[in-house]
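Okay, structure first, notes after.
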Amino acid sequence: MWSRKYDKCEKCGKTSLEHVAQGLCRKCYTNKIETEHRNYERFKKSIPKAFLTKEKLTELYIDKQMSLSDIGRIAGCNRRSVHFHIRKFGIPLRNKAEARTIALDKGKFKYSRINDNGEIEEKTRDKIHFNENFFSKWSNEMAYVLGLIYTDGNITDTSIKMGRLTFAQREKEAVEKFLNLIGADSKILYRRREKYINTTAGELCYFHINSDMVYKQLLELGLTPNKSLSMAFPKIPDEYIRHFVRGCWDGDGTVYIEKRNGNLKTSFVCGSLEFITVLKEHLRKQGLSDVTLYEDKRSKKGNVSYYFRYGTKDSIKLFHYLYDVVPESQYLKRKYEIFENYLDRNKTPRQLMLFTLY
């Protein structure tokens with residue numbers, strides 16, 4: 001018997017040569033494979049001629065926003081050949097920022113992360129939708145958000161990856177209000193409290209926005225990567241400074257009522273001497289006292305921070321400076337309520353105070 005399934009070659013009808021596969025003898029099977037290979041090579045060689053024309057490349061690269069690699073894949077050539085023909089025909093090439101934006105839109109941005117089980121998993125970076133004009137024009141909302149970024153935000157250099165804005169806060173309310181004000185649909189992430197050898201990292205809520213445009217806008221507004229110890233007070237139109245200060249306050253400000261005497265106390269802290277010096281001087285010009293600026297060297301990381309404090313009278317002035325005629329969407333409710341509870345308990349008049357604040 002020639003084979004279990006066939007009693008002769010399906011092509012030539014002979015049994016003189018052994019069966020190889022698909023009901024074919026060795027000779028017929030070899031001829032079939034060689035024919036298919038020749039047809040494939042002929043097909044592959046003809047593809048670039050059809051796809052590497054000026055009209056087709058304009059359609060694929062400009063209109064459909066395909067990448068060089070994707071075009072090369074369907075044209076049967078490498079991306080260098082596609083790049084050569086695009087330049088040859090004078091088709092304008094995308095810059096890196098435009099290419100990254102398109103890749104993000106199409107879900108091509110991949111990254112690896114370690115999950116809660118300690119396993120490495122590959123994730124796709126999602127496109128975040130937000131008001132792209134938010135940082136292009138001054139407003140109360142923009143100034144407040146900028147203050148939040150100056151204290152609890154960070155921007156990442158674009159030299160390797162896409163520009164990134166990261167904001168992290170212990171209080172989820174601040175993160176939610178930030179996202180609502182800029183109209184962003186970014187997912188809020190959570191980092192639980194972790195203990196390390198020499199320190200403890202507290203729990204945080206945070207999010208990322210990957211955008212070269214936002215990165216450049218924030219650079220123009222005075223932010224720099226890794227800015228915490230070197231940031232300078234930005235140039236802000238006078239009518240928006242108090243909203244910026246309120247954002248800084250929700251990041252690095254503290255308000256409390258002393259247990260021993262019931263006095264209201266407030267303070268600001270900052271890692272940049274230049275920034276906090278200008279901030280203190282600005283508040284002095286608004287009618288608050290010229291208090292002492294202290295240096296704190298207690299950080300376990302060896303970093304020096306600076307702070308100043310206000311007593312009850314100045315704290316009440318600070319309250320009105322920060323919160324008068326401001327909607328709840330632009331401040332952290334917990335801190336506001338500490339002021340409010342003190343004022344209600346001490347029957348302090350709630351009408352606008354008549355000293356020069358802003």
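The values are calculated or read from the model by the stated rules, or taken from the named source; none is laboratory data. These figures come from a predicted structure and were not determined experimentally. Backbone-built Cβ (ideal geometry, glycine too); neighbour counts: all protein chains shown.
All of (1) modelled with pLDDT of 80 or more; (2) assigned to a loop (DSSP other than H, G, I, E, B) hold for residue 77 with one exception: (1).
Among the residues of segment 284-329, which ones are assigned to a helix (DSSP H, G or I), touching a Leu at 6+ places or on another chain (Cβ under 7 Å), within 24 Å of residue 232 (Cβ to Cβ) and not aromatic (Phe, Trp, Tyr)? Of everything in segment 284-329, just one residue is assigned to a helix (DSSP H, G or I), touching a Leu at 6+ places or on another chain (Cβ under 7 Å), within 24 Å of residue 232 (Cβ to Cβ) and not aromatic (Phe, Trp, Tyr), namely 318. Whether a residue is of a type in the set (S, T, N, Q) and either surrounded by 21 or more Cβ atoms within 10 Å (Cβ to Cβ) or modelled with pLDDT under 95 (or both) was assessed, and residue 228 passes this test. Here residue 151 fulfils each of the conditions (1) polar (S, T, N, Q); (2) outside any helix (DSSP H, G or I); (3) at pLDDT 90 or above apart from (2).
Of the residues making up segment 75-85, those that are under 17 Å from residue 65 (Cα atoms) and in contact with a Ser or Thr (Cβ under 9 Å, 6 or more places away or on another chain) are 75, 79, 82, 85. Taken together, the criteria exclude residue 140 from residues that are in the same structural domain as residue 210 (by TED's automatic domain parsing), at pLDDT 90 or above and more than 15 Å from residue 331 (Cβ to Cβ).
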